[in-house]
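Engineer: Sharing a structure below in structure tokens format, with a few things to ask.
The values are calculated or read from the model by the stated rules, or taken from the named source; none is laboratory data. Quantities reported herein were computed from a predicted structural model and do not represent experimental measurements. So basically every Cβ, Gly included, is an ideal-geometry build from the backbone, and we count neighbours across all protein chains shown. Note: areas computed on protein heavy atoms with side chains; ligands, DNA, RNA excluded. Shrake-Rupley method; radii C 1.70, N 1.55, O 1.52, S 1.80 Å.
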Amino acid sequence: MERKPGAYDAVLVGGGHNGLVCAFYLARAGLKVRVLERRGIVGGAAVTEEFHPGFRNSTASYTVSLLNPKVIADMKLKDRGLRIVKRPISNFLPTVDGRYLKAGGGLEKTQAEIAKFSAKDAARLPAYYDHLERVADVLRSVSEKTPPNPKRGVAAGIDVLSQLWPVVRGSTDLQRDILDLFTKDARSFLNRWFESDPIKAAFGFDAVVGNYASPDTPGSAYVLLHHVFGEVDGEKGVWGHAIGGMGAITQAMAGACRDLGVEISLDAAVSRVRVGPNGVEGVELEGGETVEAQRVIANVNPRLLYTRLIAESDLDTGFLERIREWKCGSGTVRMNVALSELPDFTCLPGKEGGEHHRSGIILAPTLNYMDRAFADAKVHGWSKAPIVEILIPSTVDDSLAPPGQHVASLFCQQFAPQLPDGKIWADYRDTVAEHIIDTVTSYAPNFRASILGRMTLTPMDLEEKFGLIGGDIMHGAMSLDQMWAARPQLGHGDYRGPLRGLYMCGAGSHPGGGVTGLPGRNAAREVLRDAGRLGWGHPTIN
């Protein structure tokens, strides 16, 4: 396919991290690439911005672990200044009886903490980690591969066997664990291993992150697994903070792209994808500019792409009906808070910066608490007692706040993507912000008085600001019917859209949400395969 003079080989819709990763690999293979970003800053939901005078923070996405090591190495992100600091412990969880649990920081340290609640659970922990890690290793392998397309017939069958071979030849225990994690609810999975509420809550929290669901919802065990297959500097299952915030990641990525000649256009909102008799022909911008391109690669929610950016007449009716059923909505409110001092927790007093201040602070003491939060949101619109995770990145990164002061990220659930009875989130933004602050203050009495400024993003705000439909940070529910070859639809799980020259590279494609870079990397491989730029004489993407 000859490119018209002045046209691009590929244009990326959306300058989030997956779009930048995809653009990098395409440009490295010699394609002429342009990235179109709607906002005035590149990075999508992984950006660092000032939200109160003198205070900067990661606006939406707020912690790092899942970023693929191959992406880091290929884009030379560390050479570009990216530095990730590991959490000294993974999580700090205050309990209902005024005690607390610290998880992470090494097996023996975690066992000693768990033993405060159950010696039996402490003894079971090594086996639990081993079982989870075996499944996570399979997931890591599959996440780097293109899902099979049933339309390819026998070839698809070979792809299925190739990707699932570690499971086929694995032990019965491995096969059982995989089946459990992909189909069971988090509570029943964790009940198989543990008896004490705090440890089940600490692990079960991962099952509802970005998931508008209860820990009793079938399939929630998989979401738990999805959040543990990452690593930092080769240490598996570890989470960390990017110095400079999440924007440090995407700014480094943008630099790698620009060095290869990628054009990155800001304030360049796409109004529609142009479709001709032979497939896509480029895009039109809201400002009126037409951008011609052989290929359009969308780094946006699939529902947004197919219901807002492409004319109905250009899509098959059956395809469009199914994509309208794409489940979105993660029940999330994101707050960024400027603080005069660190929270002083009743269960672990002190404002001098302990290791618990440098961890993920989970305010959700039991699985029952999490279940009630979801039940409340379904009926009332938000939880009477919300689930709150707090990170305070300024404890390890003094570039974010003035000396002696701090910024905190509050990731809060459950809040209905759409409020009942015709209510809208704009009318309740301050109400829920105050409710969340009250919740945190009930654990750390000095919290409310220490607040200097705040930013609150409801599900509606997340949609309007970042294009996250229903506030869905995953670009679509991470349920079994929306994963692997069915993400976002069977026949299109291989990153290829239903129109010639149209591709998808966002979190709405395999392997899903989180700052991984894998949808972008995998999609680039398929674009280059179709373009004849993969293999002999060209860079490979393994």
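Engineer: Out of Ala186, Ala202, Ala221, report the one residue that is among the small types (Gly, Ala, Ser), in contact with a Gly (Cβ under 6 Å, 6 or more places away or on another chain) and at pLDDT 75 or above. Outline the logic, then answer.
Structural biologist: Values: Ala202 fails: in contact with a Gly (Cβ under 6 Å, 6 or more places away or on another chain); Ala221 fails: in contact with a Gly (Cβ under 6 Å, 6 or more places away or on another chain).
None of the others qualify; the one that does is Ala186.
Engineer: With the requirement that a residue be outside any strand (DSSP E or B) and open to solvent by less than 30 Å² (accessible area, probe 1.4 Å), what does the stretch 385-410 give you?
Structural biologist: Here is the first cut: in the stretch 385-410, the residues outside any strand (DSSP E or B) are 392-405.
Across the stretch 385-410, the qualifying residues are Ile392, Pro393, Ser394, Asp397, Leu400, Ala401.
Engineer: Residues Ala433, Ala426, Ala449: which one is under 30 Å from Tyr306 (Cβ atoms), over 22 Å from the mean Cα position of the chain (by Cα) and in a helix (DSSP H, G or I)?
Structural biologist: On the way: Ala433 fails: under 30 Å from Tyr306 (Cβ atoms); Ala449 fails: under 30 Å from Tyr306 (Cβ atoms).
Unique residue meeting the criteria: Ala426.
Engineer: Something else about it: Which residue, of Leu12, Leu31, is of a type outside the set (Val, Ile, Thr) and open to solvent by less than 10 Å² (accessible area, probe 1.4 Å)?
Structural biologist: Working: Leu31 fails: open to solvent by less than 10 Å² (accessible area, probe 1.4 Å).
None of the other options fit; the residue is Leu12.
Engineer: Every residue in the stretch 66-86 that is touching a strand residue (DSSP E or B) at 6+ places or on another chain (Cβ under 6 Å) and either open to solvent by less than 50 Å² (accessible area, probe 1.4 Å) or without any contact (Cβ under 8 Å) to a residue 60 or more places away in the chain (or both), please.
Structural biologist: So in the stretch 66-86, the residues touching a strand residue (DSSP E or B) at 6+ places or on another chain (Cβ under 6 Å) come out as 84-86.
Listed by number, the residues that qualify are Ile84, Val85.
Engineer: Does the stretch 351-361 include one or more residues that are open to solvent by 40 Å² or more (accessible area, probe 1.4 Å), in contact with a Lys or Arg (Cβ under 8 Å, 6 or more places away or on another chain) and outside any loop (DSSP other than H, G, I, E, B)? I'd like the intermediate steps shown before the answer.
Structural biologist: Start the filter on the stretch 351-361 by keeping residues that are open to solvent by 40 Å² or more (accessible area, probe 1.4 Å), which leaves 351-352, 355, 358.
In the following step, the residues that additionally are in contact with a Lys or Arg (Cβ under 8 Å, 6 or more places away or on another chain) were identified as 355, 358.
Filter once more, keeping what is outside any loop (DSSP other than H, G, I, E, B): 355, 358.
Checked the stretch 351-361: at least one residue is open to solvent by 40 Å² or more (accessible area, probe 1.4 Å), in contact with a Lys or Arg (Cβ under 8 Å, 6 or more places away or on another chain) and outside any loop (DSSP other than H, G, I, E, B).
Engineer: Oh, and also: Suppose we filter Ala46, Ala23, Ala7 for residues that are open to solvent by less than 10 Å² (accessible area, probe 1.4 Å) and either in contact with an Asp or Glu (Cβ under 6 Å, 6 or more places away or on another chain) or of a type outside the set (A, V, I, L, M) (or both); which single one remains?
Structural biologist: Details: Ala46 fails: either in contact with an Asp or Glu (Cβ under 6 Å, 6 or more places away or on another chain) or of a type outside the set (A, V, I, L, M) (or both); Ala23 fails: either in contact with an Asp or Glu (Cβ under 6 Å, 6 or more places away or on another chain) or of a type outside the set (A, V, I, L, M) (or both).
Sole residue among the options that is open to solvent by less than 10 Å² (accessible area, probe 1.4 Å) and either in contact with an Asp or Glu (Cβ under 6 Å, 6 or more places away or on another chain) or of a type outside the set (A, V, I, L, M) (or both): Ala7.
Engineer: Restricting to the stretch 25-50, name every residue that is touching a Lys or Arg at 6+ places or on another chain (Cβ under 9 Å) and outside any strand (DSSP E or B).
Structural biologist: Just the residues of the stretch 25-50 that are touching a Lys or Arg at 6+ places or on another chain (Cβ under 9 Å), to begin with: 25-26, 29-32, 39, 45, 47-50.
Scanning the stretch 25-50 gives Tyr25, Leu26, Ala29, Gly30, Leu31, Lys32, Arg39, Ala45, Val47.
Engineer: Hey, can you tell me all the residues within the stretch 328-358 that are closer than 20 Å to Val209 by Cα and modelled with pLDDT under 95?
Structural biologist: Correct list: Cys328, Gly329, Ser330, Gly331.
Engineer: On to the next question. If I ask for residues that are surrounded by fewer than 16 Cβ atoms within 10 Å (Cβ to Cβ) and of a type in the set (S, T, N, Q), which ones from the stretch 116-145 would you list?
Structural biologist: The answer is Ser141, and nothing else.
Engineer: Mind checking which residues of the stretch 270-304 are in a loop (DSSP other than H, G, I, E, B) and either modelled with pLDDT under 95 or surrounded by fewer than 17 Cβ atoms within 10 Å (Cβ to Cβ) (or both)?
Structural biologist: Here is the first cut: in the stretch 270-304, the ones in a loop (DSSP other than H, G, I, E, B) are 277-278, 286-289, 294-295, 299-301.
If the condition is that a residue be in a loop (DSSP other than H, G, I, E, B) and either modelled with pLDDT under 95 or surrounded by fewer than 17 Cβ atoms within 10 Å (Cβ to Cβ) (or both), then Pro277, Asn278, Glu286, Gly287, Gly288, Glu289 are the ones that fit.
Engineer: Right, something else. Quick check on the stretch 146-157: of everything there that is open to solvent by 70 Å² or more (accessible area, probe 1.4 Å) and out of contact with any helix residue (DSSP H, G or I) (no Cβ under 8 Å at 6 or more places or on another chain), which residue is modelled with the highest pLDDT? Working first, answer last.
Structural biologist: Within the stretch 146-157, the first condition is being open to solvent by 70 Å² or more (accessible area, probe 1.4 Å), and the residues that meet it are 150-152, 154.
With out of contact with any helix residue (DSSP H, G or I) (no Cβ under 8 Å at 6 or more places or on another chain) added as a condition, the list becomes 151, 154.
On the way: Lys151: 78, Val154: 59.
If we take residues in the stretch 146-157 being open to solvent by 70 Å² or more (accessible area, probe 1.4 Å) and out of contact with any helix residue (DSSP H, G or I) (no Cβ under 8 Å at 6 or more places or on another chain), then Lys151 is modelled with the highest pLDDT.
Engineer: Given the condition over 21 Å from Phe92 (Cα atoms), of a type outside the set (Lys, Arg) and in contact with a Phe, Trp or Tyr (Cβ under 7 Å, 6 or more places away or on another chain), answer yes or no: does some residue in the stretch 354-372 qualify?
Structural biologist: No - not one qualifying residue is present in the stretch 354-372.
Engineer: A follow-up question, please. Applying the selection to the stretch 452-482, what residues are part of a helix (DSSP H, G or I), open to solvent by 40 Å² or more (accessible area, probe 1.4 Å) and at pLDDT 95 or above?
Structural biologist: To start, the set of residues in the stretch 452-482 that are part of a helix (DSSP H, G or I) comprises 459-466, 469-471, 480-482.
If we keep only those that are open to solvent by 40 Å² or more (accessible area, probe 1.4 Å) as well, we get 460, 463-465, 480-481.
Once the filter is applied, which keeps residues that are part of a helix (DSSP H, G or I), open to solvent by 40 Å² or more (accessible area, probe 1.4 Å) and at pLDDT 95 or above, the stretch 452-482 yields Met460, Glu463, Glu464, Lys465.
Residue-wise test of (1) free of Cβ contacts under 8 Å to residues at least 24 places away in the same chain; (2) under 25 Å from the mean Cα position of the chain (by Cα).
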residue: Gly282; (1), (2): no, no
residue: Glu286; (1), (2): yes, no
residue: Thr290; (1), (2): yes, no
residue: Ala293; (1), (2): no, no
residue: Asn299; (1), (2): no, yes
residue: Arg303; (1), (2): no, yes
residue: Leu309; (1), (2): no, yes
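Results for (1) modelled with pLDDT under 95; (2) more than 19 Å from Pro519 (Cβ to Cβ); (3) within 21 Å of the chain's Cα centre (by Cα); (4) among the β-branched types (Val, Ile, Thr), shown as yes or no for each residue.
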position: Asp9; (1), (2), (3), (4): no, yes, no, no
position: Leu26; (1), (2), (3), (4): no, no, no, no
position: Gly30; (1), (2), (3), (4): no, yes, no, no
position: Arg39; (1), (2), (3), (4): no, yes, yes, no
position: Val42; (1), (2), (3), (4): no, no, yes, yes
position: Ala46; (1), (2), (3), (4): no, no, yes, no
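Engineer: With open to solvent by 50 Å² or more (accessible area, probe 1.4 Å), under 20 Å from Lys32 (Cβ atoms) and out of contact with any strand residue (DSSP E or B) (no Cβ under 9 Å at 6 or more places or on another chain) as the only criterion, which of Arg529, Arg525, Arg500, Arg521 stands out? So that I can check it myself, show each step before the final result.
Structural biologist: On the way: Arg525 fails: open to solvent by 50 Å² or more (accessible area, probe 1.4 Å); Arg500 fails: out of contact with any strand residue (DSSP E or B) (no Cβ under 9 Å at 6 or more places or on another chain); Arg521 fails: open to solvent by 50 Å² or more (accessible area, probe 1.4 Å).
From the options Arg529, Arg525, Arg500, Arg521, the qualifying one is Arg529.
Engineer: Would you check if Phe345 is of a type in the set (Phe, Trp, Tyr) and within 29 Å of Gly244 (Cα to Cα)?
Structural biologist: Yes.
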